[in-house]
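Structure first, commentary second.
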Amino acid sequence: MFHPGTQTLIDSWTARRVEAGAPSRRDIDPADFAKLLPQVFILGREGPGIYPFRLAGGFLSAIHGSGLNGKNGLRLWSVGDRPKVQAALESIRRVAEPVVITTELVAEGMHPASMEVLLAPLAGPDGEVDRYIGLYQPTAPLQRLNDEIVEPMLLHSIHWADPAVANAPALRLATLDGRRIA
């Protein structure tokens with residue numbers, strides 16, 4: 001069960017999806033989640049490991065400082081967590097399902113704060129995923145930052161938004177006569 005704000009954006013994304021694929025960027029209607037817009041962001045995809053911010057709401061700028069546009073979204077995570085976040089972004093690109101990352105925000109002079117970060121794929125004009133819509137949703141009250149910048153975020157867990165995807169059997173490597181075949 002996710003925070004109601006996170007679930008609102010998941011529901012909007014799901015209502016706009018095309019069959020088993022990701023919804024088109026142009027089909028996303030910000031009016032569906034207007035109250036959440038300060039917490040919403042859009043990441044682009046310029047290749048594996050390169051996910052620049054295309055749009056960042058005011059809440060993100062308050063947490064990470066201004067000027068997020070063009071900055072690689074992976075840089076907001078701890079160095080050890082970046083490969084996990086990248087793997088999540090590439091997985092949702094292939095599976096066309098959102099994930100929710102539980103994370104912790106830490107800044108000097110601030111008590112750690114829990115948050116959900118939603119990542120959901122969006123298809124471009126050619127039908128391929130080339131953007132991600134996301135949401136920062138605090139799950140506990142945030143202490144005033146007093147101009148302190150939160151960076152990096154610490155990943156706790158990654159969950160598929162759809163439990164059916166989470167319960168799907170994992171792919172395994174298979175061998176035949178000592179050779180990998182799948």
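Results for (1) out of contact with any His (no Cβ under 8 Å at 6 or more places or on another chain); (2) part of a helix (DSSP H, G or I); (3) aromatic (Phe, Trp, Tyr), shown as yes or no for each residue.
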site	(1), (2), (3)
GLN86	yes, yes, no
ARG93	yes, yes, no
GLU97	yes, no, no
GLU104	no, no, no
GLY109	yes, no, no
GLU116	no, no, no
PRO121	yes, no, no
ASP130	yes, no, no
GLY134	yes, no, no
(message) of a type outside the set (A, V, I, L, M, F, W, C) and at positive phi: is that true of GLY73 in this structure?
(response) no
(request) Considering only residues that are assigned to a strand (DSSP E or B) and either modelled with pLDDT under 60 or under 21 Å from LEU55 (Cβ atoms) (or both), look in region 156-182 and name the one that is nearest to the chain's Cα centre (by Cα). (result) ARG180
(request) Look at ALA22 and say whether it is among the aliphatic types (A, V, I, L, M), open to solvent by less than 20 Å² (accessible area, probe 1.4 Å) and touching a residue at least 24 places away in the same chain (Cβ under 8 Å). (result) yes
(request) Go through (1) closer than 13 Å to LEU135 by Cβ; (2) touching a residue at least 24 places away in the same chain (Cβ under 8 Å); (3) under 13 Å from the mean Cα position of the chain (by Cα) one by one and return the number of the condition LEU76 breaks. (result) (1)
(message) I need the full set of residues from region 1-19 which are touching a residue at least 40 places away in the same chain (Cβ under 8 Å) and either assigned to a loop (DSSP other than H, G, I, E, B) or more than 17 Å from VAL99 (Cα to Cα) (or both), in order please.
(response) PHE2, HIS3, ARG17, VAL18
(message) Out of the residues in region 38-67 meeting the condition of being among the β-branched types (Val, Ile, Thr) and not in a strand (DSSP E or B), tell me which one is nearest to VAL129 (Cα to Cα).
(response) ILE50
(request) Within region 76-101, work out how many residues are open to solvent by 60 Å² or more (accessible area, probe 1.4 Å) and either of a type in the set (A, V, I, L, M) or more than 30 Å from MET1 (Cβ to Cβ) (or both). (result) 2
(message) So, GLU46, is that one on the phi > 0 side of the Ramachandran plot and either open to solvent by 70 Å² or more (accessible area, probe 1.4 Å) or modelled with pLDDT under 95 (or both) or not?
(response) no
(request) Only residues that are at pLDDT below 65 and surrounded by 12 or more Cβ atoms within 10 Å (Cβ to Cβ): list them for region 144-155, please. (result) LEU145
(request) Quick one: count up the residues across region 34-51 that are under 20 Å from LEU89 (Cβ atoms) and either touching a residue at least 12 places away in the same chain (Cβ under 8 Å) or touching a Lys or Arg at 6+ places or on another chain (Cβ under 8 Å) (or both). (result) 11
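The values are calculated or read from the model by the stated rules, or taken from the named source; none is laboratory data. In this text, all values refer to a predicted model and were calculated from it rather than measured experimentally. For neighbour counting, all protein chains shown are included, and Cβ atoms are generated from backbone atoms with ideal geometry for every residue, glycine included. Keep in mind that these areas ignore ligands, DNA and RNA; they rest on the heavy atoms of the full protein, side chains included. Shrake-Rupley method; radii C 1.70, N 1.55, O 1.52, S 1.80 Å.
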